[in-house]
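Down below is the structure, laid out as structure tokens.
Laboratory data are not the source of any read-out in this text; all were calculated from the coordinates shown. Everything quoted here is computed from the prediction, not taken from an experiment. Don't worry about glycine lacking a Cβ; one is built from the backbone with ideal geometry, like all the others, and counts go over all protein chains shown.
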Amino acid sequence: MLGLGDGMPAFERTVVHSRPDQFAVILFHPAEGIRHVVEVQLGSADADQMDRAVRHMEEERARLPLIPHRAAVAAERIPEDVLAAARQAGLPLDVVELRIEPSGELASVRGELVHVHRPEPDTTDGAPEPTH
């Protein structure tokens, strides 16, 4: 769902927010050694959700600085302005659109990755550019 590669991530914990339609999930992918902070919001994603995801990722990164972290936002609808902002972010921020299918008293949730942050490869060797 989150571009997590081979294998399944391990669930660490859920972080409950004050609003009932928002929560975060912390996952750890042992094969890749990456922790994922996923901010989930029912309904449409918004800029506040992206801010929470990045802020929460930074808090988790401060707690466990030796482990790489990625942030993701997941919502039922991803408006164009949120997608554009995610594309402009210089952070590891993924965007997932949720598909919720009710089935009796339960619901099936499936996510479609609509944006994956891919960092630009570093083509410099750290040396200053030559001047002529």
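General remarks:
- DSSP beta bridge pairing in the range 10-108, given as percent antiparallel to the nearest 5: 55
- The loop-placed GluC sites (Glu not before Pro) in the range 42-119, going by DSSP, that have at most 15 neighbouring Cβ atoms within 10 Å of their Cβ come out as E105.
- Inter-site label distance for A107 and M8 at 7 Å from Cα along Cβ, in nm: 2.1
- Two-site label geometry, E58 and E32: point separation in nm, points 7 Å out along Cα→Cβ: 2.3
- Simple Cβ-charge dipole of the range 10-108, Lys/Arg +1 and Asp/Glu -1, about Cα centre, in debye nearest 20: 340
- Shape call, the range 10-108: gyration tensor on alpha carbons, a/c limit 1.5: oblate
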